[in-house]
């Protein structure tokens with residue numbers, strides 16, 4: 001009887017662990033430039049996640065949301081998005097150098113659980 005109870009508890013705990021791992025979603029761990037930072041125009045934007053990404057379902061858009069001395073609607077910036085050498089990293093490379101202004105990266109990350117997670121990172125270029 002005690003052996004059956006021990007076996008049940010062990011199997012239940014293992015099942016809960018597997019279930020928790022299957023429900024893991026990618027989280028943004030860091031970005032370069034960092035959220036809210038201000039500095040020189042980056043040649044690329046790197047997003048680092050907690051899980052390996054499924055690149056064909058993950059992506060990002062770069063938008064200029066403000067320009068010094070000028071009011072305008074958000075303007076899309078032409079970019080190339082790649083996975084880089086690390087499966088947990090997304091790289092956004094602008095087609096041309098970024099000018100002074102405020103930028104927002106809207107990202108979508110999908111890992112092996114196939115559940116899309118979205119977020120954004122905002123930074124300023126001097």
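The values are calculated or read from the model by the stated rules, or taken from the named source; none is laboratory data. Not measured: the values here are computed from a predicted model. We place every Cβ from the backbone using ideal geometry, glycine too, and count neighbours over all the protein chains shown.
Within segment 24-74, the residues that satisfy the criterion of being surrounded by 13 or more Cβ atoms within 10 Å (Cβ to Cβ) and closer than 15 Å to residue 97 by Cα are 33, 41, 42, 44, 45, 62, 63, 64, 67.
Yes/no matrix, rows are residues, columns are (1) on the phi > 0 side of the Ramachandran plot; (2) at pLDDT below 95:
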site: 25; (1), (2): no, yes
site: 30; (1), (2): no, no
site: 37; (1), (2): no, no
site: 45; (1), (2): no, no
site: 87; (1), (2): no, no
site: 91; (1), (2): no, no
site: 114; (1), (2): yes, yes
site: 122; (1), (2): no, no
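Of everything listed in (1) in contact (Cβ under 8 Å) with a residue 24 or more places away in the chain; (2) under 22 Å from residue 39 (Cα atoms), the single unmet condition for residue 114 is (2). Restricting attention to segment 91-118, the residues being farther than 12 Å from residue 77 by Cα and assigned to a loop (DSSP other than H, G, I, E, B) number 8.
Just to confirm my filter: which strands (runs of 3 or more DSSP E) fall fully inside segment 20-88 and include at least 1 residues that are in contact (Cβ under 8 Å) with a residue 40 or more places away in the chain?
On the way: elements: 28-32, 45-49, 59-66, 75-77, 79-82.
Hits in segment 20-88: 28-32, 45-49, 59-66.
Within segment 81-114, if we keep just the residues that are farther than 18 Å from residue 31 by Cβ and in contact with a strand residue (DSSP E or B) (Cβ under 8 Å, 6 or more places away or on another chain), the residue that is surrounded by the fewest Cβ atoms within 10 Å (Cβ to Cβ) turns out to be 95.
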